[in-house]
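Undergrad: After the structure tokens below, expect a handful of questions from me.
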Amino acid sequence: QVRLAESGGGSVQAGGSLRLSCAASRSISNIITVDWYRQAPGKQREAVATITLDKRTSYTDSVKGRFTVFRNNAGNTFYLQMNSLKPEDTAVYYCSVQLPSMRYWGQGTQVTVSS
């Protein structure tokens with residue numbers, strides 16, 4: 001069992017930055033991917049960024065060049081650095097960990113970007 005807890009959300013003006021953190025309840029050695037998702041009101045949840053076990057990263061087009069996903073070496077804390085935020089980035093952000101047998105989700109953290 002793995003519990004994930006996001007933090008770092010909040011309200012910011014357009015152009016600002018936030019760093020989201022996702023703390024796992026234990027060190028995880030068999031991660032396949034760590035994914036950040038977001039869900040805006042009235043919209044489907046969408047994948048935003050992914051980092052693999054060997055630290056390869058990928059991003060949805062709308063955040064490329066602005067968001068960076070990374071993790072600590074202990075394998076228990078994951079981050080999403082968000083720069084040059086736009087109002088359309090407003091959403092609840094979730095971290096998710098894919099293990100060989102299961103996917104775990106955090107509870108989400110609200111990010112609100114005002115123009």
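Undergrad: Using a probe of 1.4 angstrom, how much of the accessible area of the chain is carbon and sulfur, in percent?
TA: Roughly 47 percent of what the probe reaches on the chain is carbon or sulfur.
Undergrad: At 1.4 Å probe size, with every protein chain present, just tell me what the per residue accessible area of region 49-88 comes to in Å².
TA: That works out to 52 Å² for each residue.
Undergrad: Can you give me the relative contact order of the chain as a percent, contacts being Cα pairs under 8 Å and 6 or more apart?
TA: It comes to 37 percent, rounded to a whole number.
Undergrad: So for region 47-115, averaging the separation of alpha carbon pairs under 8 Å that are six or more residues apart and normalising by length, what relative contact order in percent results?
TA: Once divided by the residue count of region 47-115, the mean separation gives 21 percent.
Undergrad: With charges only on Cβ, +1 for K and R and -1 for D and E, what is the dipole size of the chain about its Cα centre, in debye, rounded to 20?
TA: Dipole magnitude for the chain comes out near 160 debye.
Undergrad: Kirkwood Rh, region 1-53, all Cα pairs: how many Å?
TA: Its Kirkwood hydrodynamic radius stands at 13.3 Å.
Undergrad: Once label points are set 7 Å from the Cα along Cα→Cβ at both Q107 and S21, what is their separation, rounded to one decimal in nm?
TA: About 1.6 nm, to one decimal.
Undergrad: Can you compute the equivalent ellipsoid semi-axes for region 38-85, i.e. the square root of 5 times each eigenvalue of the Cα gyration tensor, sorted largest first and rounded to whole Å?
TA: Ellipsoid semi-axes (Å, largest first): 21, 12, 10.
Undergrad: For the chain, what percent of Cα pairs sit more than 21 Å apart?
TA: 30
The values are calculated or read from the model by the stated rules, or taken from the named source; none is laboratory data. Because the structure is predicted, anything quoted here is derived from the model rather than measured. Methodologically, a virtual Cβ is constructed for each residue, glycine included, from the backbone with ideal geometry; neighbour enumeration extends over all protein chains shown. With ligands, DNA and RNA removed, areas are computed over all heavy atoms of the protein, side chains included. Shrake-Rupley method; radii C 1.70, N 1.55, O 1.52, S 1.80 Å.
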